[in-house]
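Heads up: the structure comes next, in structure tokens.
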Amino acid sequence: MKPRFFLNLTAIIVCGIATSAQAGTVWDEAISGDLSSNWLAPTALVVNEGSNVIQGSIGNAGQGVDRDYFSFTVPTGTQLTS
């Protein structure tokens, strides 16, 4: 029997300058649907200054591996801090 695993993924991307703005949830697979499973065509996300949350699930629930791929551009005038 193959082992089954299913992981909950939460990624927090922080873009900032000298302020502490809150950006919110960028993508939630429970609401927005599955992120791309094609690394050549990742889901393009828009992030803002502050904390940007991406929520979803990855793993194997007995139906193959569910990898999620996404890309984003750090907004002009900000920097990726974590």
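Just so it is clear, none of the values below were taken in a lab; they were calculated from the coordinates. All of these numbers come straight from a predicted model, not from anything done at the bench. We place every Cβ from the backbone using ideal geometry, glycine too, and count neighbours over all the protein chains shown.
At 7 Å along the Cα-to-beta-carbon direction for both Ala44 and Ser82, put a label point, then send me their distance in nm to one decimal.
3.0 nm
How would you order 46-53, 35-42 from highest to lowest mean count of nearby Cβ atoms within 10 Å? Before the final figure, lay out the partial values.
Details: 46-53: 17.1, 35-42: 12.8.
Ranked from most to least packed, the peptides come out as 46-53, 35-42.
At what distance in nm do the modelled label points of Ser71 and Ser37 sit from each other, each positioned 7 Å from its Cα along Cα→Cβ?
2.1 nm
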